[in-house]
Amino acid sequence: MTGSPARDLLPLPRTVALALWSAAYARGDAAPDDARDHARGLGHRHVEQLGVDLFDWMTRIRSLPIVSLRPLLPAPGRIAGLVGPPAANTAALEAGQALVVTAAGFSEHTLVPVTEVIGSAGAEGIVVRWTEFEAPHRGVPPAGGAAGARPAFLAALRRAADSTVHLDLVPDEPIATAYLPDDWTVTTAPPHLEDAQAHLLRLAARTLLLTRAELGALTGPLAGTRTGAVGLQEETARIALLRQLCDASREAVVEVAEAASAI
């Protein structure tokens, strides 16, 4: 992985990386230890994995009947796809991501990573604790695919480009690993990921990261420093545009990743 150009790497939420590489293993494209290592990603800081052992988990889900992997990025008001129990849904919302596993069309369990930064400044490490929640045994509708997310995401990008509001976003360029959130990693594309899927996933993931960062700056503790009606109006328009982009890119990441995680 260290030899891959930064431009070709995928910055992804940890559950998305796990879903993609678990699918690669289940398809026979990668050994379980290689798939686990690729799912963990190419980190710039030491990462310790606790809780559910990902090697054992991958081999276990491969034996499930008609298994389906569904990575999710839930947010308040956007919890579609979560299958319970309440403790799993709460953990998924707090983490901002989850991986739902179904077997033969029924919910099986939910896997949620919780990250914590440890160590002193300049020598930080990340602890990722994977927790598995058994799901209520209920039918789950088939995956919908990524057909709806792609045009919506590209339309949002076009609206942003045509807007008079200037956004300092360059999703075509790689994002340095030092700027990745703790609950994201960077990895290579698994062999089964089509070029078009990889391109869309990479573009959507970068857009999601960039919009989240800018929204955080505009709505955080230091927000509202501009004065006057014009400044407030511009900032309101910027926030609205960023939220549209953020939502569209989130949906694109989820739907493309789900389609690419089919086994």
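Considering the stretch 117-135, the residues that are part of a strand (DSSP E or B) and either free of Cβ contacts under 8 Å to residues at least 60 places away in the same chain or polar (S, T, N, Q) (or both) include one that is most open to solvent (accessible area, probe 1.4 Å), namely E134.
Would a scan of the stretch 125-137 turn up a residue that is within 29 Å of L241 (Cβ to Cβ) and of a type outside the set (S, T, Y)?
In the first step, residues of the stretch 125-137 are kept if they are within 29 Å of L241 (Cβ to Cβ); the result is none.
No: the stretch 125-137 contains no residue that is within 29 Å of L241 (Cβ to Cβ) and of a type outside the set (S, T, Y).
On the basis of being in contact (Cβ under 8 Å) with a residue 60 or more places away in the chain, assigned to a strand (DSSP E or B) and surrounded by 15 or more Cβ atoms within 10 Å (Cβ to Cβ), does T102 make the cut? Don't jump to the end; show me each part of the working.
Values: in contact (Cβ under 8 Å) with a residue 60 or more places away in the chain: no; assigned to a strand (DSSP E or B): yes; surrounded by 15 or more Cβ atoms within 10 Å (Cβ to Cβ): yes.
Answer is no for this residue.
Annotation note: Cβ proximity below 9 Å between a residue of the stretch 177-196 that is without any contact (Cβ under 8 Å) to a residue 40 or more places away in the chain and a residue that is open to solvent by less than 50 Å² (accessible area, probe 1.4 Å) and hydroxyl-bearing (S, T, Y) (sequence gap 6+ or interchain) occurs for P181/T115.
Each residue in the stretch 54-87 was checked for being among the small types (G, A, S) and open to solvent by less than 70 Å² (accessible area, probe 1.4 Å), and 5 of them qualify. When A143 is tested against the conditions (1) surrounded by 13 or more Cβ atoms within 10 Å (Cβ to Cβ); (2) outside any strand (DSSP E or B); (3) at pLDDT 80 or above, the lone failure is (3). Taking the stretch 184-215 as the range and being out of contact with any Leu (no Cβ under 7 Å at 6 or more places or on another chain), open to solvent by 40 Å² or more (accessible area, probe 1.4 Å) and not polar (S, T, N, Q) as the test, the residues that pass are P191, E194, D195, A196, H199, R212, A213. For L42, the criteria (1) assigned to a strand (DSSP E or B); (2) within 16 Å of the chain's Cα centre (by Cα); (3) among the hydrophobic types (A, V, I, L, M, F, W, C) hold in every case but one, which is (1). Residues being out of contact with any Asp or Glu (no Cβ under 6 Å at 6 or more places or on another chain), in contact (Cβ under 8 Å) with a residue 60 or more places away in the chain and among the polar types (S, T, N, Q): count how many of those fall in the stretch 105-116. Selection size over the stretch 105-116: 0.
Of the residues P171, P190, the single one that is modelled with pLDDT of 85 or more and assigned to a loop (DSSP other than H, G, I, E, B) is P190.
The values are calculated or read from the model by the stated rules, or taken from the named source; none is laboratory data. Quick caveat, the model's predicted, so the values are computed rather than measured. Using ideal geometry, Cβ is built from the backbone for each residue, glycine included, and neighbour counts are taken over all protein chains shown. Side chains are part of the model used for accessible areas, which takes the heavy atoms of the whole protein and leaves out ligands, DNA and RNA. Shrake-Rupley method; radii C 1.70, N 1.55, O 1.52, S 1.80 Å.
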